[in-house]
Structures are given as structure tokens and as C-alpha cells.
Amino acid sequence: MNREPSAWAVGWAAFAGVMMILLGIWWILAGLVAIFNDDFYVVGAEWVFQFSTTTWGWIHLLLGIVVLFAGFGIFSAQVWARTVGVIMAVLSGLIAFAWLPWYPIWAILFFAASIAVIWALTAHGDDITVA
């Protein structure tokens, strides 16, 4: 039984893929800057995760590479890429929910977009190759 792919879901899945590619590139660039120039980022108050700037640079670089490849994987309907996309959307939704008291309108928009991306990638993520 062939079902017609949802154009709305394909659009959201494509949006998720493009955003993951852009996010991956940004994380890679931020990581490279932190690795090659320790003084670029300002270290503020003491936090629970006390790593050096270089360590955070390597973390950003490696996660950026994973997210970048997952973004490209979305367009070939790779299950692992959709899994990374859903995890990133869940994290985005949680952050947006925590952000609610300070920026309620933006937080609600980000939360709604996260829910839409999760739905698109889980229910219709493989439809993107048909479009």
C-alpha cells in the first residue's frame, strides 16, 4: 500500500535537515575558534562543568561534525540522522520550556517548532526522499 507523503511533514523534515546543517557548521566554527584561540571566549562565573576553553572547543567541534552529517543524512532518510534530529529537537524544546519565564513568546514558538520537527522526523522522516 503506497501512501501519499504529507507535504507539510516533508517541509518540516527538510527544515530540520537544513537547520541541522547550519547548526553543525556553526558549532564546528565555534569549536575551531575555541581550539585555536583560547582568549577569544570570555570565561564568566564558576559553573558545574568547569572545562578549559579548548575542551569546550573540542566538544563543540565533535558534536558539530555529528550534527552536520546528521543534517545531510536527513535528506537520504537515514534512521540514525532522524534519531540525532529528534534528540536535538527534544533538547531545544526543553531549553525553550526553561526559557519561558524570560521570553514567553519566543519560547512558545521554539517549543512549537521543536514539537513539529519531532513529529515530522518520527512520523514522516522517510518521506523526504520522495519529495
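The values are calculated or read from the model by the stated rules, or taken from the named source; none is laboratory data. Quick caveat: nothing in here was measured; it's all calculated off a predicted structure. FYI the Cβ positions are ideal-geometry reconstructions off the backbone, even for glycines, and counts take in every protein chain you see. Only protein heavy atoms, including side chains, enter the accessible area calculation; ligands, DNA and RNA are left aside. Shrake-Rupley method; radii C 1.70, N 1.55, O 1.52, S 1.80 Å.
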Cβ-derived FRET efficiency at R0 35 Å, Ala98 paired with Ala77, nearest 0.05: 0.65
Pair Glu4, Val90: separation of 7 Å Cα→Cβ label points (nm): 3.3 nm
Extension reserve of the Ile59-Val33 stretch, reckoned as 0.36 nm per residue once the Cα distance is removed: 8.1 nm
Accessible area in square angstrom per residue, the range 71-131, 1.4 angstrom probe: 60 Å²
Sites Ser52 and Val18, calculated FRET efficiency, Cβ-Cβ separation with R0 30 Å, nearest 0.05: 0.40
